[in-house]
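The values are calculated or read from the model by the stated rules, or taken from the named source; none is laboratory data. Because the structure is predicted, anything quoted here is derived from the model rather than measured. Note that we place each Cβ from the backbone using ideal geometry, even for glycine, and neighbour counts take in every protein chain shown.
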C-alpha cells in the first residue's frame, strides 16, 4: 500500500529548496572581522580620537591614488556595504577616507572610479580639502584590499524584473 505525502509537506520542501538555492547565489562577505566598528567615515571624521585603533571594513569609489616615498594613499568616497561587503554606489556617500597602504601601489590597479573594499585599523585623521572645502579624512592602515570587477558587482543580483510597459521588437 502506498501513502501519499500531503501536498502541504511537498510545498514546504519545495519552498525550502528554493530558498536554499537563492541564498547560495549571493556571494559571502570577503572579510571576516566581527570586531569591526559600524561607524561611517563621516562619523569617525567628527571625533577621530574616539575611534583610534578600531578595526573597520569600509568601501567606496576610488577618487585618487597618491604614491609617497614609503607608502601609498588611496582616497575613497565611502558608500554603505551590502551583505557581501560590496559598496552600494547607488546610495548616498558616507564621507571620505584615506586608505594607507605600505609600499608602492600601481595606480592602474586602483583606477579612479573603481569600487573597492578595505579592511584595516583606524590610525588618526588628517585635515585636507575636497575642492575648496576643508575636510577631515580618517586614515585607515590597510591590512586587506579588494577592487571589485563589474562581474563581481553584478553576481548574486536578480536578473528578473517586473514592470508594466510596451515592448517593440525589430525583425
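Only residues that are touching a strand residue (DSSP E or B) at 6+ places or on another chain (Cβ under 6 Å) and at negative phi were counted in the range 92-114, giving 15. Going through (1) modelled with pLDDT of 95 or more; (2) under 26 Å from residue 155 (Cα atoms); (3) more than 19 Å from the chain's Cα centre (by Cα) one by one, residue 21 falls short only on (1). Here is the figure for the range 70-109: residues that are surrounded by 14 or more Cβ atoms within 10 Å (Cβ to Cβ) and under 15 Å from residue 123 (Cα atoms) total 11.
Given the structure, is residue 64 touching a strand residue (DSSP E or B) at 6+ places or on another chain (Cβ under 8 Å) and at pLDDT below 95?
Values: touching a strand residue (DSSP E or B) at 6+ places or on another chain (Cβ under 8 Å): yes; at pLDDT below 95: no.
So residue 64 does not fit the description; no.
So that you can scan it fast, the table gives a plain yes or no per residue for (1) more than 15 Å from residue 146 (Cα to Cα); (2) in a loop (DSSP other than H, G, I, E, B); (3) in contact (Cβ under 8 Å) with a residue 60 or more places away in the chain:
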{"residue": "56", "(1), (2), (3)": "no, no, yes"}
{"residue": "97", "(1), (2), (3)": "yes, no, no"}
{"residue": "107", "(1), (2), (3)": "no, yes, no"}
{"residue": "112", "(1), (2), (3)": "no, yes, no"}
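Of everything in the range 121-148 that is modelled with pLDDT of 95 or more and assigned to a loop (DSSP other than H, G, I, E, B), the residue that is surrounded by the most Cβ atoms within 10 Å (Cβ to Cβ) is 148.
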